[in-house]
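This report concerns only the one structure given below.
Values quoted throughout were computed directly from the atomic coordinates according to the rules given, and no laboratory measurement underlies them. Bear in mind that the values here come from a model prediction, so they are computed numbers and not experimental data. We place every Cβ from the backbone using ideal geometry, glycine too, and count neighbours over all the protein chains shown.
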Amino acid sequence: MKLSYYCSSPSCKKLNYIKVKSNNRFDLKTEIGIEINERCKHCGNHTKRHINRLHAAPNYKIITGGLLLAVVFTILFWDLGFITTLSGSLSIAIWMSEEKKASVFNKLLIRD
């Protein structure tokens, strides 16, 4: 999952990303701690952010992989009649799964 935060420098205010393996903020707390201390990729300032201020975005590489998998299924099973339903529902299911993971992460906040 890709997490984003804004730089705290008044002149920069650009969006930065970090990649983590955790699916919720409780796992993130055990992985990186209660705050992150990252260097801005644009201006070089150190940005210290609480993990509740991180925002999750869906991983578009997985969504693109789902679309490619749907195209492969379409090519392999073209002679069958239900291929449009199968390929369309597979890519939509992968997209919805990624959106739901990001939404659940963003809704869940932790207390100090």
*How many residues does the stretch 33-75 contain that are loosely packed, with under 14 Cβ neighbours inside 10 Å and aromatic (Phe, Trp, Tyr)?*
1
_If a residue must be closer than 30 Å to Ser91 by Cβ and β-branched (Val, Ile, Thr), how many such residues does the stretch 27-72 contain?_
5
_If I go through the stretch 37-62 residue by residue, how many of them are touching a Ser or Thr at 6+ places or on another chain (Cβ under 6 Å) and more than 11 Å from Ala102 (Cβ to Cβ)?_
5
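Considering the stretch 1-15 alone, what residues qualify as being assigned to a loop (DSSP other than H, G, I, E, B) and touching a Pro at 6+ places or on another chain (Cβ under 9 Å)?
Let us first name the residues in the stretch 1-15 that are assigned to a loop (DSSP other than H, G, I, E, B), namely 1, 7-14.
Of everything in the stretch 1-15, just one residue is assigned to a loop (DSSP other than H, G, I, E, B) and touching a Pro at 6+ places or on another chain (Cβ under 9 Å), namely Met1.
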*asked:* For a quick check of your reading of the model, give me the residue pairs whose first member lies in the stretch 31-49 and is over 13 Å from Tyr17 (Cα atoms), whose second is of a type in the set (S, T, N, Q), with beta-carbon atoms closer than 8 Å and at least 6 apart or on different chains.
replied: Glu31/Ser22; Cys43/Ser9; Cys43/Ser11; Asn45/Ser8; Asn45/Ser9; His46/Asn37; Lys48/Ser8; Lys48/Asn37
